[in-house]
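Written out below as structure tokens is the structure these notes cover.
No lab work stands behind these numbers, since they all come straight from the coordinates. For clarity, every value in this text was computed on a predicted model and none was experimentally measured. All Cβ positions, even for glycine, are placed from backbone atoms using ideal geometry, and neighbour counts span all protein chains on display.
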């Protein structure tokens, strides 16, 4: 069964304290892995897409990496405005359908 | 602002009723996706339309239905509502039918069934 697991469920950091979020997945026919950021009461905001193992992408203080079984979202020197829930999702082709399978997210709180 | 517009933002209704949620995709996007987000289930894919035709179905209940109109806006119809249908409903759109490119999400409709 397709599964996406994110850890930790919640993470509290001091401003400037770097850390990593994990997304492990078990899907067949992976086409891509997506990272989204979601603020409370808002829709998910696209961050990155990764397509193959070894791929890395960066945006400001965020860096996403992908292996065959998991992805990491590294946050370097976070700021309070980075506080949000970070969602990981995988895209696989199932028959003729296209759908995203989301993990339950990591709630990040960055304290000043 | 993602460019995806959802209305209404909030909806409160009683059990057994029927509601319609509306989504206008980003300009140029042909695909519309509907997702349900509840506290205990996370984001669940419901259904996808591409250029007016149903492309994929996820965990959508038989009481729910959707359609995409010629102007590409989409509506999600929820009927015989139950308390458990209370959730945030998101619409997303992308350029093509494939999710190789990023999907952009609207701000959601918060449905409360009382």
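Figures for the structure shown
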{"read-out": "Distance (nanometres) between label positions extended 7 Å along Cα→Cβ at residue B:110 and residue A:15", "value": "2.8"}
{"read-out": "Segment residue A:1-residue A:22, length gained on full extension (0.36 nm per residue, minus Cα span)", "value": "5.6 nm"}
{"read-out": "Three principal axis lengths of the protein assembly as shown [C-alpha, angstrom, descending]", "value": "49, 36, 34"}
{"read-out": "Computed Rg/Rh of the range B:15-57, alpha carbon atoms with Kirkwood Rh", "value": "1.03"}
{"read-out": "Ordering of B:18-28, A:80-90, A:51-61, B:55-65 by burial proxy (mean other Cβ atoms within 10 Å per residue, highest first)", "value": "A:80-90, B:18-28, B:55-65, A:51-61"}
{"read-out": "Cα coordinate range in chain A, projected on the principal axes (Å, largest first)", "value": "48, 31, 20"}
{"read-out": "Cα Rg, Dmax (largest Cα-Cα span) when computed across the range A:27-84, Å", "value": "12.4, 37"}
{"read-out": "Overall Cα dimensions of chain B - principal axes, largest extent first, Å", "value": "37, 27, 25"}
